[in-house]
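Right, one structure below, let's go through it.
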Amino acid sequence: MNIVTESAPGKLYIAGEYAVVTPGQPAIIAATSQTIKVTIEESSDTGTIHSQLFGGLALAWYRDGRQLKIDDRENPYHFIIQALQTVEEFLSDYSIPVGYYNVRVDSALNDRHGIKYGLGSSGAVTVATIRAALSYYHFKDPSNELVYKLSAITHLRLHSNGSFGDLATSTYGGWILYRSFDKEFVVKALESRESLSDVVNMAWPKLEIKPLEIHESVELLIGWTKKPASTAQQLDLLAAKTKTKSLSDCDFLSESSKAVLGLADALRNANWSIIYQTLRQLRALLKHYTDQQGLPYETKPLTALIDVALSEKIAAKASGAGGGDCGIALINRHDQLLKETIIAKWLSANIIPLNRDKEVAYVDRV
């Protein structure tokens with residue numbers, strides 16, 4: 001019986017939030033040790049999807065030709081179904097026959113009550129599903145670029161409004177320097193090209209995904225505020241706001257780009273004074289920008305998380321679009337006493353450290 005399992009890590013934004021939605025703008029993103037696993041097992045007359053992400057809910061699916069169907073009134077699995085559909089459409093270019101199978105998702109990106117940590121579960125489950133489906137159909141040695149582009153096409157078809165940096169990080173693993181692609185170009189290509197493989201094989205304007213080599217002394221601490229937040233909702237709010245003139249988009253993008261690239265160099269060289277200075281600069285820039293746009297960004301728990309780090313002369317900031325979820329701090333991994341001090345203070349402030357004894361995840365693929 002054909003059965004395969006693939007996994008993908010979650011993600012945390014280190015720098016470049018909001019700006020990265022603009023094609024070509026840089027961001028630094030790190031993969032987490034927490035992962036999502038997707039298992040696909042051969043079936044006969046029907047298929048099922050079962051996931052911890054939705055309370056263990058199991059749903060049956062059926063086929064209409066090459067289309068996978070679930071009653072939309074019962075379907076919380078849009079990312080999984082669309083990911084499977086995208087892979088099967090891509091494989092149709094190679095005349096690979098399709099069949100029924102069962103899908104199981106096991107996630108470490110939520111707590112035991114099913115509350116998500118804000119580590120990019122929708123991106124990770126998409127990437128893991130794409131990998132598992134390609135493996136299930138014996139597509140040999142898929143590149144990271146292929147997996148990323150199929151994942152991005154999946155999210156484009158679901159009208160996702162983010163930068164897709166989460167998909168890049170869950171695909172490549174480790175730390176990456178990411179620049180998002182021109183979505184309008186790719187959407188038009190999907191509409192005009194005869195095959196999905198044509199779109200996958202073309203160059204996507206502005207896209208850049210580069211592994212970022214971090215000095216061995218740099219350690220990422222992650223604190224979870226236990227307040228869920230939605231990046232998609234934050235970006236919807238931003239799109240609906242009337243922008244003010246005191247900090248133009250151009251100024252914001254320019255300042256963000258300089259800070260992100262400067263931080264990348266500092267992380268490579270363990271320049272702690274620049275790391276400290278730049279994280280504080282990025283925090284102030286994001287607070288200023290979101291305040292002007294009327295967006296909720298740094299919640300009281302996130303401020304408490306950051307204040308703990310600052311009290312120990314360690315820079316920290318919110319990760320991602322804000323409004324809840326996680327904050328980060330960067331410390332020297334050789335100072336274990338400082339690490340334990342910050343963790344203890346976070347716990348006292350009801351902040352949950354997510355990676356106390358774990359390293360950043362890497363995906364061993366080219």
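Within the set of pairs 6+ apart or on separate chains, which have a first residue in the stretch 300-322 that is farther than 18 Å from LYS11 by Cα and small (Gly, Ala, Ser), a second that is in a helix (DSSP H, G or I) and open to solvent by 20 Å² or more (accessible area, probe 1.4 Å), and C-beta atoms under 6 Å apart? Note: pairs meeting the criteria are ALA315/TYR276; ALA315/ARG280. Only residues that are within 13 Å of THR169 (Cα to Cα) and either at pLDDT below 90 or β-branched (Val, Ile, Thr) (or both) were counted across the stretch 13-35, and they come to 7.
The residues of the stretch 104-134 that are at pLDDT 75 or above, out of contact with any Asp or Glu (no Cβ under 6 Å at 6 or more places or on another chain) and of a type in the set (Gly, Ala, Ser), listed by number, are SER107, SER121, SER122, ALA124, ALA133.
Here HIS155 clears all of (1) open to solvent by less than 40 Å² (accessible area, probe 1.4 Å); (2) of a type outside the set (Ser, Thr, Tyr); (3) over 26 Å from GLY99 (Cβ atoms) except the condition numbered (3). Could you tell me whether any residue of the stretch 82-101 is modelled with pLDDT of 90 or more, open to solvent by 20 Å² or more (accessible area, probe 1.4 Å) and under 22 Å from the mean Cα position of the chain (by Cα)? Yes. Among the criteria (1) open to solvent by 60 Å² or more (accessible area, probe 1.4 Å); (2) modelled with pLDDT of 85 or more, the one GLN67 does not fulfil is (2). Of the residues making up the stretch 214-231, none is of a type in the set (Val, Ile, Thr), over 29 Å from LEU267 (Cα atoms), out of contact with any strand residue (DSSP E or B) (no Cβ under 7 Å at 6 or more places or on another chain) and assigned to a helix (DSSP H, G or I).
Taking helices (runs of 4 or more DSSP H) as the structural unit, those lying wholly within the stretch 131-203 and holding at least 3 residues that are within 27 Å of LEU220 (Cα to Cα) and touching a helix residue (DSSP H, G or I) at 6+ places or on another chain (Cβ under 9 Å) correspond to 144-157, 165-172.
The values are calculated or read from the model by the stated rules, or taken from the named source; none is laboratory data. Bear in mind that the values here come from a model prediction, so they are computed numbers and not experimental data. For neighbour counting, all protein chains shown are included, and Cβ atoms are generated from backbone atoms with ideal geometry for every residue, glycine included. Please note that ligands, DNA and RNA were not included when accessible areas were found on the heavy atoms of the full protein model with its side chains. Shrake-Rupley method; radii C 1.70, N 1.55, O 1.52, S 1.80 Å.
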